[in-house]
Amino acid sequence: MAEPLRVVVTGAAGQIAYSLLYMVAKGDVFGPNQPLILHLLDIPPMMGVLEGVVMELADCALPLLHGVVPTDDPAVAFNNVSAAFLVGAMPRKQGMERKDLLSANVKIFKVQGEALDKYAKKDVKVLVVGNPANTNALICSRYAPSIPRENFTAMTRLDQNRAQAQIAAKINVPVRKVSNLIIWGNHSSTQFPDASHAVVEVNGSVSSVPEVVKDQAWLNSVFVETVQKRGAAVINARKMSSAMSAAKAASDHMKDWFLGTAPERFVSMGVLSDGSYGAPKDVVFSFPVTIKAGKWEIVQGLKISDFARQLLDVTGKELEEERQEAIQIIEA
Ligand SMILES: NC(=O)c1ccc[n+]([C@@H]2O[C@H](COP(=O)([O-])OP(=O)(O)OC[C@H]3O[C@@H](n4cnc5c(N)ncnc54)[C@H](O)[C@@H]3O)[C@@H](O)[C@H]2O)c1
């Protein structure tokens, strides 16, 4: 059997981690033959709750789980890790302005970037889930100069999975038949869920989603808005934010990054922008990517309609503004 891989999950006492830890520990992400040592980071007041999570992980009697390291010390949490799920973040509280949330969180991601730089493996793959995920990932990478910047990504996979589920329901096919949905830009309400390059398998042949849906007005309005507002709809219904589906998306993202994407298929990830598709450079922007041997590459040459162009520009502008605010906070 392979040597155990060290994987850190931050916010380990929180609700996303409660689902994610089980998925990771049972082999959903790194495969059925990869033993794991899980490092669990949370803040000091949560150490009691974390103890309960550690007990439950033990009680799952999972064959791949070779060790668990609960801690409130980033130096311990990031030591020698090959994969990092950065889930922990300050939640938005009542009366809190967007700027206050950004302020609390960019500071957390600065500290964690520094700790990754010092203690993690140099090829660590980092997935930022905690919001504002794109800008947190950007800040984290800036404070970890010894780790390649392409190793920092932000999660838009939940949005992609939501989009895929909406299309499957519209066409009335199982969700696995639908692929190549794209989420462009920021993981926020300005994101652009784009079905124009998506495909669906019907009776063994692959067709374009817009040709099968035959309702461009729906694709440009109801579909886009439903995906953009899905997080809020879940909070309204559950009185808590998406957790099981966020954990599943984090697993999907990291699994594809480690094990690769299927031929002819792409997935969406927030990655450091090189300006492809006219997106601003040097922000973490969600693009369609293919992945081979642990390296992602932005899919090139997709046709961008005038409608898409407008939405790409809006979300790109928001990311530039967030970057500027984040830098001001950190340099203040
Ligand atoms: N990108 C996405 O698609 C997506 C989807 C859903 C939720 N989220 C975000 O994920 C984050 C976590 O959500 P949740 O529902 O699990 O929240 P939660 O409040 O249940 O858990 C967050 C945990 O993070 C911990 N934490 C706070 N600061 C920390 C720090 N400095 N180091 C380590 N841990 C710290 C908290 O103590 C808490 O246990 C939130 O920011 C949420 O907005 C992102």
Q) Between residues in the range 210-224 that are in contact (Cβ under 8 Å) with a residue 12 or more places away in the chain and residues that are assigned to a loop (DSSP other than H, G, I, E, B) and surrounded by 13 or more Cβ atoms within 10 Å (Cβ to Cβ), which pairs lie under 7 Å by C-beta distance while being six or more apart or on different chains? A) Pro210/Ala195; Pro210/Ser196; Leu219/Ala195; Phe223/Ala195
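Is it true that Glu211 is under 25 Å from Gly301 (Cβ atoms), outside the structural domain of Gln15 (by TED's automatic domain parsing) and modelled with pLDDT under 95?
Working: under 25 Å from Gly301 (Cβ atoms): yes; outside the structural domain of Gln15 (by TED's automatic domain parsing): yes; modelled with pLDDT under 95: no.
Here the answer is no, as Glu211 does not meet what is asked.
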Q | Candidates Ala308, Ala262, Ala293, Ala232 - the one that is surrounded by 14 or more Cβ atoms within 10 Å (Cβ to Cβ) and either modelled with pLDDT under 95 or small (Gly, Ala, Ser) (or both) | A | Ala308
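Please work out which residue is farthest from Ala17 (Cα to Cα), limiting yourself to the range 119-134 and to residues that are within 14 Å of the ligand (Cβ to nearest atom) and surrounded by 23 or more Cβ atoms within 10 Å (Cβ to Cβ). Before the answer, list the steps.
Quick first cut of the range 119-134, residues within 14 Å of the ligand (Cβ to nearest atom) only: 126-134.
Then keep just the ones that are surrounded by 23 or more Cβ atoms within 10 Å (Cβ to Cβ); that gives 126-130, 132-134.
Numbers: Val126: 15, Leu127: 13, Val128: 13, Val129: 11, Gly130: 11, Pro132: 17, Ala133: 16, Asn134: 19 Å.
Step by step, filter the range 119-134, then rank; the result is Asn134.
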Q) Is it the case that the range 66-79 has a residue that's surrounded by 18 or more Cβ atoms within 10 Å (Cβ to Cβ), near the ligand (Cβ under 9 Å from one of its atoms) and not hydroxyl-bearing (Ser, Thr, Tyr)? A) yes
Q. Is it the case that some residue within the range 176-198 is among the basic types (Lys, Arg), under 24 Å from the mean Cα position of the chain (by Cα) and crowded, with 17+ Cβ neighbours inside 10 Å?
A. no
Q: Return a yes/no flag: does the range 79-90 have any residue that is in a helix (DSSP H, G or I), at pLDDT 95 or above, in the same structural domain as Val9 (by TED's automatic domain parsing) and of a type in the set (Phe, Trp, Tyr).
A: no
Q. Which one is farthest from the chain's Cα centre (by Cα) among residues in the range 139-163 that are part of a helix (DSSP H, G or I) and away from the ligand (no atom under 14 Å from the Cβ)?
A. Arg142
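The values are calculated or read from the model by the stated rules, or taken from the named source; none is laboratory data. Here the structure is a predicted model, which is why all the values come from computation and not from measurement. Here the Cβ is made from the backbone with ideal geometry for all residues, glycine too, and neighbour counts use every protein chain on show.
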